[in-house]
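**Q** Got a structure for you, written out below as structure tokens; questions coming shortly.
Every number in this text was worked out from the coordinates using simple rules, so none of it is lab data. Quick caveat: nothing in here was measured; it's all calculated off a predicted structure. All Cβ positions, glycine included, derive from the backbone under ideal geometry; neighbour counts span all protein chains shown.
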Amino acid sequence: MPWQLECCQTLEEQHVCAWSDSAVQRDHFVHDMQSILTRIEGAEVCRINGESVTDLGGFVRELEQALHVGRILETIEGPLGIVDALRRRPTREGVAVRRRYLLWTEAHVLLSQAPHLFGRVLDAIMGVAGEGEFVDDDVLLLQRLILVGRPALDMYAEDPRGQLCRWHADADEEPLWQVITGLAQPPVARWRISRAKAVTTGMA
């Protein structure tokens, strides 16, 4: 099976964290995935240019341009924040979008600049995706995150303290998204681009 189809099948149930130390390989991966995903009926590919994302403001500006759902404030929660924006169901040419793929290129940039913020943003994206999929019996919008970047992303994906391995929680509280989705951790597949082979981290 071509790796592109294998990756698309993986996205049916999991988010993808793809990495390579080669910028050329990363570019080819992004190009191929964007090309094939945009051909899926009812799908929308929202590309986030990670080179421009070094803080919350940078991420919000990229997300606002990518989602086309209106204004987004520089906050994760609350009215008009990131979570609120991700819950908005987009339309394209008057037809509601059924699948939304967030293709975040060079995601290692924010990871290196602000690792805590990086984790909170991941938590919000995957949490909203799980909320729509596991809480609503009639799934209105399937959302998937595709992280693409340097090997630091894979190291982060291996870290049990990171938000690719667990949901965020304040102090000793039970993670909100775990309560809402019933999942012990976000469903994420690690993908080494150079080998075009997915390695699943597990799904609770």
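**Q** Contact order normalised by length for the stretch 3-200, with contacts defined as Cα pairs under 8 Å and 6 or more residues apart; what percent is it?
**A** Value for the stretch 3-200: 29 percent.
**Q** While we're on this one: How would VAL121, VAL69 line up from fewest to most surrounding beta-carbon atoms within 10 angstrom?
**A** So the residues, fewest neighbours to most, are VAL69, VAL121.
**Q** So, one more: Tell me what the chain gives for mean residue ellipticity at 222 nm when only DSSP H runs of n ≥ 4 count, each as -39,500 (n - 2.57), the sum divided by the residue total, rounded to 500 deg cm²/dmol.
**A** Counting only the DSSP helices, I get -11500 deg cm²/dmol.
**Q** Something else about it: With the chain treated as a Gaussian network of Cα nodes joined by springs under 10 Å, which of ASP170, ASP123, ASP27 yields the largest mean-square fluctuation?
**A** Sorting by GNM fluctuation, first place goes to ASP170.
**Q** Can I ask one more? Tell me, what does the Kirkwood hydrodynamic radius of the stretch 14-66 come to in angstroms if you use every pair of distinct C-alpha atoms?
**A** Radius from the Kirkwood sum: 12.7 Å.
**Q** Where does each of ARG47, ARG100, ARG88 land when they are ranked from fewest to most other beta-carbon atoms within 10 angstrom?
**A** Final ranking by Cβ density, sparse to dense: ARG88, ARG47, ARG100.
**Q** How about the stretch 108-191: which trypsin sites (Lys or Arg not before Pro) there are in a DSSP loop, with at most 15 other Cβ atoms within 10 Å of their Cβ?
**A** Loop-located and lightly packed - ARG161.
**Q** Binning at 10 Å from 0, report for the stretch 33-143 what percent of all alpha-carbon pair distances ends up in each bin.
**A** Whole-percent P(r) values from 0 Å outward: 14, 47, 33, 6.
**Q** Checking understanding here: applying a Kyte-Doolittle mean of at least -1.0 and a length along the axis of at least 18 Å (C-alpha), which whole DSSP H helices in the chain pass?
**A** TM-like helix candidates: 23-37, 115-134.
**Q** Among CYS165, CYS46, CYS7, which comes first, second and so on when ranked by fewest other beta-carbon atoms within 10 Å?
**A** CYS165, CYS46, CYS7
**Q** Contour minus end-to-end for GLN113 and GLU41, with contour as 0.36 nm per residue of separation and end-to-end as the Cα-Cα distance?
**A** Using 0.36 nm per residue and subtracting the Cα-Cα distance, I get 22.3 nm.
**Q** Continuing with this model, one more query. Quick one: among ASP55, ASP172, ASP84, which has the greatest mean-square fluctuation in a GNM of the chain with alpha-carbon springs under 10 angstrom?
**A** Result for the chain, Cα springs under 10 Å: ASP172 fluctuates most.
**Q** Continuing with the same structure: Let's see if you can work this out: charge +1 on each Lys and Arg Cβ, -1 on each Asp and Glu Cβ, no other charges. What is the dipole magnitude of the stretch 66-134 about its Cα centre, in debye to the nearest 20?
**A** 320
**Q** Debye sum, Cα scatterers, the chain, no solvent: what log₁₀ I/I(0) at q = 0.14 1/Å?
**A** Once normalised to I(0) and log-transformed, intensities are -0.78.
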